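Asker: Sharing a structure, written as structure tokens. Questions coming.
The values are calculated or read from the model by the stated rules, or taken from the named source; none is laboratory data. All values reported here derive from a predicted model rather than from experimental measurement. Cβ atoms come from the backbone with ideal geometry, glycine included; neighbour counts cover every protein chain shown.
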Amino acid sequence: MDLFSHVLWTRVFTRNKLWDDEALVFAMLPDLGFLFVMMYVLLGKPMHLDFQDAMATMPPFILVVYYSLHSFVTLGIVAIIVWKLKPKLLPALSAWALHICMDIPFHSDVFGTRFLYPLLPDFYFSGLSWGDYRVLAASYFMLLVVWYYLEMRELSRHRSIVRRTDWLDRIESFAGGLINPKPISVGHGAERDNQGASGQVSGENLCGPEESQNCGTGTLAPPKAG
């Protein structure tokens with residue numbers, strides 16, 4: 001798909017998230033390889049060659065970059081590194097996965113999405129061309145439908161007194177449980193200590209002068225006879 005579609009679809013699914021900006025970066029990252037292709041075609045090829053002939057003379061490493069950035073193998077390696085170093089960014093990698101999934105049915109020939117590269121370097125599906133106006137029209141129409149659904153969902157939640165969970169909430173909760181570790185429960189002894197100390201300031205004597213002898217025992221001294 002075109003870069004604009006990748007950005008819009010990512011924005012739909014990651015809006016209002018803390019990692020929204022990072023997701024947009026990962027959504028555009030796979031097309032960095034295509035940027036190298038276009039730079040070579042526009043700047044590096046001999047002037048008398050057309051696009052197809054320029055592709056034949058292009059240095060192989062440019063396509064290696066393109067195929068690698070559109071591979072689930074590369075994404076998996078990066079996900080492991082992110083999980084070890086900064087796991088909070090792991091959800092943002094879903095934008096990269098979404099980019100690859102969108103490109104699989106809409107690329108072919110030399111730009112076919114080798115999503116298992118380099119394990120299966122020549123395996124791809126020859127799909128429709130994303131440059132076809134019908135494909136782009138269907139993509140943008142679905143964008144409008146999904147965006148309208150999410151807007152109505154948020155509006156109904158603002159109007160509702162009781163918030164009800166739906167299938168999107170359950171998916172987000174499940175994904176969050178896989179990524180975020182469970183909180184460590186506080187020990188009962190620590191809770192009792194905190195409760196006992198919460199009502200008393202350090203250094204404060206709550207007993208009067210007549211009760212000071214039995215203050216720590218929980219029993220008060222009998223009043224003196226008049």
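Asker: Residues in the range 110-125 that are under 18 Å from V37 (Cβ atoms) and among the aliphatic types (A, V, I, L, M): how many?
Answerer: Residues flagged as under 18 Å from V37 (Cβ atoms) and among the aliphatic types (A, V, I, L, M) within the range 110-125 amount to 1.
Asker: Take residues that are among the hydroxyl-bearing types (S, T, Y) and tell me which of the helices (runs of 4 or more DSSP H) falling wholly in the range 14-121 contain 3 or more.
Answerer: Because the criterion is at least 3 residues that are among the hydroxyl-bearing types (S, T, Y), the helices (runs of 4 or more DSSP H) in the range 14-121 that meet it are 60-69.
Asker: How many of the residues in the range 116-142 are hydroxyl-bearing (S, T, Y), touching a residue at least 40 places away in the same chain (Cβ under 8 Å) and either within 18 Å of L8 (Cβ to Cβ) or touching an Asp or Glu at 6+ places or on another chain (Cβ under 6 Å) (or both)?
Answerer: 2
Asker: Okay, moving on. Please pick out the residue among R157, R134 that is at pLDDT 85 or above, part of a helix (DSSP H, G or I) and of a type in the set (D, E, K, R).
Answerer: None of the other options fit; the residue is R134.
Asker: Now for a separate question. Which of (1) under 22 Å from G127 (Cα atoms); (2) buried (at least 16 other Cβ atoms within 10 Å of the Cβ) does T14 not meet, given it meets every other one?
Answerer: Every listed condition holds for T14 apart from (1).
Asker: Next question. I'd like to verify a number: residues in the range 10-43 that are under 13 Å from the mean Cα position of the chain (by Cα) and either within 21 Å of L144 (Cβ to Cβ) or not acidic (D, E) (or both), how many?
Answerer: Selection size over the range 10-43: 16.
Asker: Determine which member of the set W19, W96 is surrounded by 15 or more Cβ atoms within 10 Å (Cβ to Cβ) and either within 20 Å of F115 (Cβ to Cβ) or in contact with a strand residue (DSSP E or B) (Cβ under 8 Å, 6 or more places away or on another chain) (or both).
Answerer: The unique qualifying residue is W96.
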